[in-house]
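Read-outs throughout are calculated quantities, based only on the coordinates presented, and are distinct from any laboratory measurement. Not measured: the values here are computed from a predicted model. So basically every Cβ, Gly included, is an ideal-geometry build from the backbone, and we count neighbours across all protein chains shown.
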Amino acid sequence: MEKINAAITGVGCYIPDYVLTNEELSRMVDTSDEWIMTRIGIKERRILRDPDKATAYMAEQAVDDLLRKKGVSPEEIDLLVCATVTPDMRFPATACLVADKVGARNAFAFDINSGCSGFVFALSAVSHYVESGRYKKVVLVGAEKMSSMVDYTDRSTCPIFGDGAAAVLLEPVTEQLGVLDEDLHSDGSGWIHLHMKAGGSLIPPSHETVDKRMHYIYQEGQPVFKWAVSKMADTAETIVKRNNLDPSHVWIVPHQANLRIIDAVQKRLDVPKEHVMINIQKYGNTTSATIPLLFCEWEKQLKKGDDLVLCAFGAGFSWGGIWLKWAYDTK
Ligand code: UT7
């Protein structure tokens, strides 16, 4: 029997309308456009302001966009996975809400929470479902309402994050296309540098946890930065070398946490700058949505057979790279 690969055959996205600029942030906390641009590389980020809408809403819009573009009916979807750290509720899984809203009534659905590596880890997981031959149409959506857990009085974290969602369709192919290699890692000792202090089973929510502002992102920027620079470059290099990819031709699709981290990856791999996908200046760090949002933006430029190297680092710590051969041309 021919080997089945899992190929991305379509993309869709949703970005909220509200633009939170560095100028507006400078009126909220003691910061400046100059500091944010120099240290992080973000000019603005999008925020979902409607208090009645959250991650599932954005994921639903992204999946609708994907299905519309592909002409696929929601009933055809076998599996719908949502990568997110900002589920609408602790349970049920946001993916179940999305499947219901889009009408994917034949799909089973679940979430994957792996911080900023969520999309890469989830892409690995869903690709194995497709490779098994048992599932023919699988939707993976990365969606985040990061603004729901950003402390807008903390200048060290509030400039970084934004909201958004993007979805991909995976289908089986027998050509040498799609997800072809992966290099995934975790080191839980890093939790101390990046986490949310309360709201889980260890410290359930209480008046005290709210008063102590323990329901926001807690990040020690410098250790996270050092780990991210070395691990994102290591994993991308592993993928390139192990598969004899030509650095002058590959596309680098890096998680968008900090422009300085992305630049370090580009320099280590010595790939041309124009082959590194970057949109951090417009959207900031949308956690599980950064990489599929890049696919949406670059879709028209990508050609069937192009080699893409995805790489991400995030909470856990967790990090990883994927070799993806793009499977279609866009007319
Ligand atoms: O995606 C998940 C993984 N997360 C990441 O990859 C994030 C990794 N970390 C980073 O990107 C960077 O560490 C940050 C962007 C979070 C911070 O940049 P940094 O260059 O590491 O700055 P720092 O924390 O060392 O702070 C330098 C200075 C400090 O002032 P002093 O102590 O030198 O007087 C901070 O208080 O900058 C100050 N500072 C700010 N100043 C103006 C911190 N935040 C701000 C701000 N505006 N927003």
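Taking residues in segment 300-327 that are among the β-branched types (Val, Ile, Thr), and partners anywhere that are in a loop (DSSP other than H, G, I, E, B), the pairs with Cβ atoms closer than 8 Å and at least 6 places apart or on different chains are VAL309/LEU245; VAL309/VAL250.
Could you please let me know if PRO292 is assigned to a helix (DSSP H, G or I) and not β-branched (Val, Ile, Thr)? Against the criterion (assigned to a helix (DSSP H, G or I) and not β-branched (Val, Ile, Thr)), PRO292 qualifies. What residue, among those in segment 127-166 that are more than 28 Å from LEU259 (Cα to Cα) and among the hydroxyl-bearing types (Ser, Thr, Tyr), is nearest to the ligand (Cβ to nearest atom)? It comes out as SER127. Looking at SER117, is it surrounded by fewer than 22 Cβ atoms within 10 Å (Cβ to Cβ), within 19 Å of the chain's Cα centre (by Cα) and not basic (Lys, Arg)? For SER117, the condition - surrounded by fewer than 22 Cβ atoms within 10 Å (Cβ to Cβ), within 19 Å of the chain's Cα centre (by Cα) and not basic (Lys, Arg) - is not met. For segment 49-108, a residue qualifies if it is without any contact (Cβ under 8 Å) to a residue 60 or more places away in the chain and among the polar types (S, T, N, Q), and the qualifying residues are SER73, THR94, ASN106. Filter segment 167-215 down to the residues that are loosely packed, with under 12 Cβ neighbours inside 10 Å and under 21 Å from GLU2 (Cβ atoms), then identify the one that is farthest from the ligand (Cβ to nearest atom). Checking each candidate, the answer is THR174.
Residues are listed down the side, and each one gets a yes or a no for (1) more than 22 Å from GLY316 (Cβ to Cβ); (2) part of a strand (DSSP E or B); (3) in contact with an Asp or Glu (Cβ under 6 Å, 6 or more places away or on another chain):
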residue	(1), (2), (3)
PRO159	yes, no, no
ALA165	no, yes, no
LEU169	yes, yes, no
ASP181	no, yes, no
SER189	no, no, no
HIS195	no, yes, no
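Scanning segment 228-261 for residues that are in contact with a helix residue (DSSP H, G or I) (Cβ under 7 Å, 6 or more places away or on another chain), β-branched (Val, Ile, Thr) and either crowded, with 24+ Cβ neighbours inside 10 Å or part of a helix (DSSP H, G or I) (or both) gives VAL229, VAL240, ILE252, VAL253, ILE261. The residue that is nearest to the ligand (Cβ to nearest atom), counting only those in segment 11-56 that are among the hydroxyl-bearing types (Ser, Thr, Tyr) and over 14 Å from SER148 (Cα atoms), is THR31.
Considering segment 1-87, the qualifying strands (runs of 3 or more DSSP E), each wholly inside and each with 2 or more residues that are of a type in the set (Gly, Ala, Ser) and surrounded by 14 or more Cβ atoms within 10 Å (Cβ to Cβ), run over 5-14.
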